[in-house]
Every structure is written in structure tokens, then in C-alpha cells.
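The values are calculated or read from the model by the stated rules, or taken from the named source; none is laboratory data. If you're wondering where the values come from, they're calculated on a predicted model, not measured in any experiment. Every residue, glycine among them, receives a Cβ derived from its backbone with ideal geometry; neighbour counts consider all protein chains shown. Each accessible area value is taken on the protein alone, full model and side chains, heavy atoms only, with ligands, DNA and RNA left out. Shrake-Rupley method; radii C 1.70, N 1.55, O 1.52, S 1.80 Å.
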Amino acid sequence: MSCIDDYIEVLRNSRRPDQTMQETETKMSLPTRVGVYGGGRMGAGIAHAFLCSGTAVTVIEADDSAADRARDRIASSLTKAAERGVLADSVDDVLRRADVTTGAENLAECGLVIEAVPEMVEVKAEVLARIEKTAPLAVVATNTSSLSIDGLADSLTSPEKFIGLHFFNPVPASDLVEIVVGTKTSETLVADAQQWVRDIGKTGITVTDSPGFASSRLGVAIALEAMRMVEEGVASAADIDTAMTLGYKHPTGPLRTTDIVGLDVRLAIAEHLAKEIGPRFEPPAILRDKVAAGHLGRKTGQGFYEW
């Protein structure tokens, strides 16, 4: 039995006779403090989601300058939520639960730590090992959108405490979290993760570890075909997107979504899927050319659209 299973057993045996298991699980669901390693757009969004649920959050960044930018991202995101009337507490009250710092040792009190660093195996593996070392009691999660959970677990000594929590960009507005289960992930942890996702007001889908999981594999397949259609002169990017939004009720077309996600990110995922699954995920020339030209989408002001 794993330490997670031992912990749940203690909870079962210590609850009051008049408490149902459902009540206990609800009250013990979210950890008191959650860590997020990486305060970029995704990391700040993940921090936002947990802060809004009432949980304290520690965000780790590389240096003071990056920490300042992460703090500003979180504050800006919370301010927008308050303006939309979807923030229960004041922005200042919520921000008091946020600790943005550079010291990984500050993760020691976290019950869950989510890695949100760039989509590079070596970088993620190094960060995950550092998290496990500095927060040995915490559940460790990765926000990877395509990398193998089992592959990343190779850098850990307790792979049963490791799971994928793939959030979607922009996190505050997205309802979906993909829960990715490795071959060694504890069944108890899977159930806990499903509850954590519900507790932050999002819907989780649970998938086994496979290249691209469910969402990235489908999303990239559609986006790559849309790019080929632009490349072949079938239709404009705007018209292709309109076909998907009006014809198939997608909230955003595949090319506009690519601009939002980042063309460099799409390229990296496509290259990974092509290597793991086969040539049908080979990136088209138009994607490689735009990335080489620095046209990465919304973050640079130009991609398939001008921003």
C-alpha cells in the first residue's frame, strides 16, 4: 500500500460516526496549499484557478524579475475576474493567499505541486525531480500537453504519486482539465485528482498515458489539416475557422486557437507526435516557416492572424 493509500485509510478510520465518506472526501479534497512551479501564462492561470477556490498557492519562478512578472499576471487575471463578477472575494484578499517566490524550498508545505515549465523533456524532468526532493510529501503533477507521463516518471522515486493535470489556455476561462494516468499512478490519486478538478470548478476527463493524450492529439490533427488547407489555397484562415465555429460549433477555429496557444508550441507538439505516432502528424511547411520567421501568434502580434 502506498503512502497515499495509508493517508486515505487514516482519514476513513478517524472520521466521526455520523460523517459519511462523501462528506469526509469533500472536506479533505483540496490541499491547504498548492504549489505551481513556473509562473508563465499557464502557471499563472493554474494559480488563479486554485486561488479562486480558496486555496493558498505558492508559485516558484527562476529569478526576482520573473517572479514580479508572474505576480503581475496573477493580479491582472484576478482583476479581470472581479470585473466580470466571477470572483467571490476581493482581489486583495485573494492575492494574500498567493506567495510568488524564487526558492523551491517554499514548496515543502504544499500537498500538491504542479509543474508548468516549457514543453521540453529535460527541463520538465529536472524540475519534477527538484519538486519531489523539496516537497517529499506532496503529490507531484505535470501540466504537459503531450509528453509521456511514464517517461517523466522515470526521474521520480515515487511514480505512484505522480499524475498529469493538463490545463487549457487560457486557464481561467477554460472548463476542461485532462487527467493523465501513468502505469504506476495510484488509483487513489486518480480519484483525488478527479475531485480536485471538480473543486476548482472545472470538468475533468481521464485518459491513459499515450502520445498526445486525447485533447492534444485531436486538436493538433485538426489544426495541421487546417494549415495544409491554407498552404494549398483551399480557403483563408478566417474562412476555415468560420467553417468550424459555425458548422461544427467549435468555440474558436483551429487556426485562431493555434495563434492563442503559440505556433512554436503547436510545432513542438506536432514534431513529438510525428515521432511517436507517425507521419500524419508531420508539421506542414507553413507552420515551420512562420515559426522560423518569429510569427508565433498572439504573443508576437502575428501568426495566422494579426493581433
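The table below gives the values:
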| item | result |
| --- | --- |
| Check: the range 33-208 dipole with +1 on Lys, Arg Cβ and -1 on Asp, Glu Cβ, in debye | 320 |
| Per-residue [θ]222 nm for the chain (sum of -39500 (n - 2.57) over DSSP H runs n ≥ 4, rounded to 500) | -14500 deg cm²/dmol |
| Two-site FRET efficiency, residue 307 against residue 129, from Cβ-Cβ distance with R₀ of 45 Å, rounded to 0.05 | 0.75 |
| Peptide ranges 105-112, 260-267, 228-235 listed from the most packed, as the mean C-beta count within 10 angstrom indicates | 260-267, 105-112, 228-235 |
| Taking the C-alpha atoms of the range 36-185, convex hull volume expressed per residue in Å³ | 95 |
| The chain, relative contact order [Cα under 8 Å, separation at least 6], % | 13 |
| Rounded to 5, percent antiparallel among DSSP beta bridges of the chain | 20 |
| Under 16 Å from the Cα of residue 184 - lysines, other chains or at least 8 residues apart | 161 |
| Per residue solvent-accessible surface (Å²) - the chain, probe of 1.4 Å | 48 |
| Overall Cα dimensions of the range 214-300, principal axis frame, Å, largest first | 33, 28, 24 |
| Residue 76-residue 29 pseudo-label distance in nm [points 7 Å out on the Cα-to-Cβ vector] | 3.1 |
| Relative contact order, percent, the range 56-179 [alpha-carbon distance under 8 Å, six or more residues apart] | 20 |
| Inter-label distance for residue 157 and residue 66, nm, one decimal - labels placed 7 Å from Cα along Cα-to-Cβ | 2.5 |
| Model label zone, residue 121; criterion: amide N under 18 Å from point 7 Å along Cα-to-beta-carbon; scope the range 135-157 | 142-157 |
| Electrostatic dipole magnitude of the chain [Cβ: Lys, Arg +1; Asp, Glu -1; Cα centre; debye, to 20] | 480 |
| Percent of Cα-Cα distances greater than 24 Å, calculated over the chain | 55 |
| Global form of the range 143-302, assessed from the alpha-carbon gyration tensor, a/c cut-off 1.5 | prolate |
| Lys/Arg +1, Asp/Glu -1 at C-beta; the chain dipole; positive extreme among 223, 156, 194 | 223 |
| Fluctuation leader among 277, 60, 131 - the chain, Gaussian network, Cα springs under 10 angstrom | 277 |
| Area accessible to solvent at residue 250, 1.4 Å probe radius, in Å² | 60 |
| Proximal charge balance of residue 224 [Cβ under 9 Å; K/R count +1, D/E count -1] | +1 |
| Portion, in percent, of the accessible area of the chain that falls on carbon or sulfur, probe 1.4 Å | 52 |
| For the range 33-208, with +1 on Lys and Arg beta carbons and -1 on Asp and Glu, the positive-most of 74, 146, 180 along the dipole | 74 |
| Debye, to nearest 20: dipole size of the range 214-300, +1 on Lys, Arg Cβ, -1 on Asp, Glu Cβ | 240 |
| Counted charge near residue 96, where neighbours are those whose Cβ lies closer than 15 Å (Asp, Glu -1; Lys, Arg +1) | -1 |
